[in-house]
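Heads up: the structure comes next, in structure tokens.
The values are calculated or read from the model by the stated rules, or taken from the named source; none is laboratory data. Values in this document were obtained by computation on a predicted structure and should not be read as measured data. Neighbour counts run over all protein chains shown; Cβ positions are idealised from the backbone, glycine included. SASA here: full protein model, heavy atoms, side chains in, ligands and nucleic acids out. Shrake-Rupley method; radii C 1.70, N 1.55, O 1.52, S 1.80 Å.
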Amino acid sequence: MYKLLKSQKYERFELLKVKPISKKAQVWYFDLTIALSIFLVTFVFAINFINSSYFNDAQSSNRVIDEAQKLSNNLLHTGIPEDWSNENVVSLGITTNNRLDLNKLERLKNLTEDDYAFAQILFGINSDFLVYFENKEGLLLNLTEDSYVGKAGYTPQTAIDDLPAEFVQVSRYMVYESNSTAQIISLNVVCWDD
């Protein structure tokens, strides 16, 4: 096969012999296409795996955060009905007239000891929880027999050490009235997934 070339310098025409394209070189393009396809498919699967595991962990963490906030909000309400008992409770709460009600707190403690899963259902959460109170100096208040309410086997002193790496703690302030003296205390809610 011949190709006609025009030389710019002398404006003459030269005939050059051009070799035909080799069939062997086309195999390399085919091999390259297959290799790139395999690489891209592997890359896409790897990215999907990394993203799905990352987002599942993030969604789980977000769920626990939402449930801790939900639990603390529920506790700051009176509950339904306002003077609820274990037999007629629809929604749990531990306040009366925007103050901590020790009778409701004791009922909540008894409910969690008797049927912890039912308490979780009433709060609308799946996470495990522990509730305790501190005064303004950060000292634990013994408002119930054990100074905490929640999952059996956990106490405020050991909760942080024994809990899994991912847990959520929400602190809210509320009024506690004792002997006609009101004080601000901290309601602490700790939630986690086992």
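Ranked by accessible surface with a 1.4 Å probe, highest first, in what order do Thr33, Thr78, Thr95 come?
My answer, sorted largest first, is Thr33, Thr78, Thr95.
Using modelled amide H (1.01 Å from N, peptide plane; none on Pro or chain starts), what sits under 5 Å from the amide H of Leu141, excluding residues fewer than 5 places away?
It is Phe133, Glu134, Asn135, by chain and number.
Considering amide H positions built from the backbone, and no H for Pro or chain starts, which residues 5 or more places from Thr96, or on another chain, come under 5 Å of its amide H?
Distant-sequence amide H within range of Thr96: Asp101.
Just to verify a number: FRET efficiency for Glu113 and Ala46, C-beta to C-beta distance, R0 = 41 Å, to 0.05?
For Glu113 and Ala46, the calculated efficiency is 0.25.
Apply the Karplus curve 6.51 cos²θ - 1.76 cosθ + 1.60, θ = phi - 60°, to the phi angles in the stretch 145-152 and return the couplings in whole Hz, x for Gly and Pro.
4, 9, 6, 8, 9, x, 5, 4
Given R₀ = 30 Å, FRET efficiency for Glu137-Asn62 by Cβ-Cβ distance, to 0.05?
It comes out at approximately 0.35.
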